[in-house]
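Have a look at the structure below, then the notes.
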Amino acid sequence: MVALCPGPVDIAGVRLNNHLILAAGLLGTTGASLARMLSLGAGGVVTKSIGPEPKTGHAGPCVAVIDGAILNAMGLPNPSKDFLGELDRLSHEPVIASIFGGTPEEFGEVASWFAGKVQGLELNLSCPHAEGYGAALGSDPEMVRECTRAAKRAGLPVWVKLTPNVCSIAEFGIAAQEGGADAVVAINTVKAMRISTGMRRPVLGHGMGGLSGPAIFPIAVRCVWELYEACDIPVIGCGGVSTADNVVEMMMAGASAVEIGSALIESDTIFSSVAQQLYRRDGGEDACDIVGCAHD
Amino acid sequence: MTAAKTRATLWGVLMIEEIPSEPVVITHIVRETASIRTFEFSRRFEAQAGQFCMVWIPGIDEIPMALSAGNAITVQKVGEATGALFSRSEGDVIGIKGPLGNGFSPEGRVLAVAGGVGAAPLRPLVTYGQADTFILGARTAEELLYADELNGKVDLRIATDDGTRGHHGFVTALLEEADPASYDTICVCGPEMMMKAVLAILDAHGVADRGQFSLHRYMKCGVGICGSCCCDPSGLRVCRDGPVFTGDVLLQSSEFGRYSRDASGRRIPF
Ligand SMILES: Cc1cc2nc3c(=O)[nH]c(=O)nc-3n(C[C@H](O)[C@H](O)[C@H](O)COP(=O)(O)OP(=O)(O)OC[C@H]3O[C@@H](n4cnc5c(N)ncnc54)[C@H](O)[C@@H]3O)c2cc1C
Ligand SMILES: Cc1cc2nc3c(=O)[nH]c(=O)nc-3n(C[C@H](O)[C@H](O)[C@H](O)COP(=O)(O)O)c2cc1C
Ligand code: FES
């Protein structure tokens, strides 16, 4: 198996301890939890998505664990500005704040709260189950461009997280790039539904939800591939990664780093166990030689 | 503990295994007190005392509840979802996902200390013959949960705040009287301020590490991924690393007895 040489990496304006990043919305609600994921081996952590107003989220069930995947419709619960207090002891750590809003102005406002508090921003333009937010904006290239532009004013590196629930994800990557994005992240969850036959209703309280986990890995690889072809900025891969070999595959498709979320259901030690397989001190390859190599 | 089981596939990808919400029929409803009812259902889950389940009330919400038996939950009506459960009748269907969490690990001589509906996760200790002494508290005699059921099955000691039954006062007085250091495991569940007082007593007797406390935090997923139940300063998840934590761990907690978080993640002081 391909192995990489270990050590800190600089990805789109953010210095990470390794290539493995905690994906937004998983164990990222409190500062203590983010710190715990860093101590368990994550090279960087993305926070729960924070918006302009506190939100309690959708009624449950919010998460359904199914064979090979997870379905969720959390509904972007978040404490809004109160979240800043969670970051007090993390100002020198590789923390990226995930933010959302309903308009470019709201993106700009929420982004400004985080100046000097985190190393970068990730724009959630991709959550598939929060009406008026996320993918509602992220499926309009003009909105993607404007929200990116507004968030950039905070002076932080901006990563734009894209939805796979569009015909051509490349178009949205280009829109983000035009708006000044430092990187694109692909993908957020795939819009999906399951029905409990016993209950005769959808398994999620919200009905529609987002699919994540190993089942979406091939979709994520395809999206990373298309973005790598279309964009000049780095692509960060996300979706279904659960092994070191998945990380390498994402990188070969064009990812400079990867985010891991659903694999945490197996164990919260996923980062250190993947890292142990992925890195080799002697004879590890330089990631630069791997990223996008499958395109040659 | 129901960690999602995983298996490797051909491509070396980990496959997550389903954690189903099992549809169960409510078979029997017991009116325990004016505000507490036990709902027995058509399926029995293999659970340890202190493990919980996520209860899906169709069309309303999914909420965490201790398994008060392999086939039962005991619910206090406090709001929308619990209120909706109270309007369900025998024959209605709810979903049960579980058992979840770590549960109690009773060893040697076991003392249980319960306040209010906190008796629910402790009840199986008696059913399974794992408890030697059971201290049960409530505000008033009519609110005592399982008092008649437990009587005779365990050395039951009762306290009521208003003195209408048993000791007049709090469970903490009975705890002092019982000499906590003479027990190997002290399992506790009740209002957090009560648990904090119990921990202080155990600590004073030098046996905080023998205390096992079942915590209540807001839970959205119940399976350890969303982060809504994480505690400070460890970041440990109540749904997966807990809900039972030992007293020595809680003594290090900056959160226990001080605040918890609501559905949005904002801190709410006790
Ligand atoms: C591990 C665990 C075991 C529990 N066991 C029992 C039990 O055996 N019997 C019992 O009566 N209660 C138990 N609870 C508490 C029970 O989950 C709440 O009372 C219930 O969720 C209230 O829902 P509601 O919609 O009726 O109330 P709401 O009106 O929504 O809120 C009332 C209060 O209930 C709590 N609450 C609401 N939703 C949740 C949620 N999703 N997760 C956690 N707390 C919530 C909040 O503190 C809130 O302040 C347990 C909680 C946990 C975490
Ligand atoms: C429970 C849960 C909550 C999530 N919350 C967010 C969120 O707040 N913001 C966001 O951008 N993505 C969120 N996501 C999507 C993930 O960050 C990620 O894009 C997706 O799950 C695919 O990666 P994975 O297969 O490794 O989980 C969430 C996913 C899950 C399962
Ligand atoms: S409730 Fe989601 S992590 Fe505990």
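Each value in this text was obtained by applying a stated rule to the coordinates, not by laboratory testing. Everything numeric in this text was worked out from a predicted model, so none of it was measured. Please note: Cβ atoms are built from the backbone with ideal geometry, for glycine as well, and neighbour counts cover all protein chains shown.
Mean-square fluctuations from a GNM of chain B, with a 10 angstrom spring cutoff on Cα atoms, peak among B:Gln76, B:Gln130, B:Gln252 at B:Gln252. Taking the Cα centre of the protein assembly as shown as origin and assigning +1 to Lys and Arg Cβ atoms and -1 to Asp and Glu Cβ atoms, the resulting dipole is close to 740 debye. Relative protection proxy for B:55-62, B:24-31, B:41-48, A:229-236, from highest mean packing down: B:55-62, A:229-236, B:41-48, B:24-31 (other beta-carbon atoms within 10 angstrom).
Mean per-residue shielding of peptide A:201-207 is 2, counting Cβ atoms of other chains within 10 Å of each Cβ. Basic side chains Lys and Arg get +1 at the Cβ, acidic Asp and Glu get -1 at the Cβ, and with that the dipole of region B:177-238 about its Cα centre reaches some 440 debye.
Put simply, the amide H of B:Arg139, placed in the peptide plane, has neighbours under 5 Å in B:Asp161, leaving out anything fewer than 5 places away on its chain.
Residues B:Met195, A:Met1, arranged from fewest to most other Cβ atoms within 10 angstrom of their Cβ, appear as A:Met1, B:Met195. With the cut-off at 1.5 for a/c, could you classify region A:193-288 from its C-alpha gyration tensor as rounded, prolate or oblate? Oblate, because a/c is 1.5 or more while a/b does not exceed b/c. Neighbour counts of other Cβ atoms within 10 Å put A:Tyr279, B:Tyr128 in the fewest-to-most order B:Tyr128, A:Tyr279. Largest GNM mean-square fluctuation among A:Val258, A:Val224, A:Val63, using chain A with Cα springs under 10 Å: A:Val63. Listed by chain and number, the aspartates and glutamates whose alpha-carbon sits under 17 Å from that of A:Lys152, ignoring those within fewer than 8 places in the same chain, are A:Glu105, A:Glu106, A:Glu109, A:Glu122, A:Glu142, A:Glu178, A:Asp182. Residues A:His206, A:His92 in ascending order of nearby Cβ atoms (within 10 Å, fewest first): A:His92, A:His206. Beta bridges per DSSP, both residues in the protein assembly as shown: antiparallel share near 50 percent. The mean number of Cβ atoms from other chains found within 10 Å of a Cβ in peptide A:266-275 is 2, as a whole number.
Quantify how strongly other chains surround peptide B:214-227 by giving the mean number of their Cβ atoms within 10 Å of each of its Cβ atoms.
For peptide B:214-227, the averaged partner shielding equals 6.
Placing unit charges on each Cβ (+1 for Lys and Arg, -1 for Asp and Glu) gives region A:9-295 a dipole about its Cα centre, and among A:Ser168, A:Ile70, A:Gly57 the Cα reaching farthest toward its positive end belongs to A:Gly57.
Rounded, prolate or oblate: pick one for chain A, where a ≥ b ≥ c are the square roots of the eigenvalues of its C-alpha gyration tensor, a/c under 1.5 means rounded, and failing that, prolate if a/b is larger than b/c, else oblate. Because its axes are fairly even, with a/c under 1.5, chain A counts as rounded. Helix screen, chain A: DSSP H segments with Cα axial length of 15 Å or more and mean Kyte-Doolittle hydropathy at least -0.5 are A:217-230. Checking the Cα-Cα distances for B:Lys196/B:Lys220; A:Lys48/B:Lys97; A:Lys48/B:Lys196; A:Lys81/B:Lys77; A:Lys117/A:Lys161; A:Lys55/B:Lys77 against a 27 Å cut-off, the pairs over it are A:Lys48/B:Lys196; A:Lys81/B:Lys77. Remark: region B:21-36, residue by residue, has Karplus-estimated 3J(HN,Hα) of 9, 7, x, 10, 8, 6, 9, 7, 10, 9, 7, 7, 9, 4, 10, 10 Hz, where x stands for each Gly or Pro and the curve is 6.51 cos²θ - 1.76 cosθ + 1.60 at θ = phi - 60°. Ordering B:Ala120, B:Leu175, B:Ala197 by the projection of their Cα atoms onto the charge dipole of region B:110-269, which places +1 on the Cβ of Lys and Arg and -1 on the Cβ of Asp and Glu, puts B:Ala120 at the extreme positive end.
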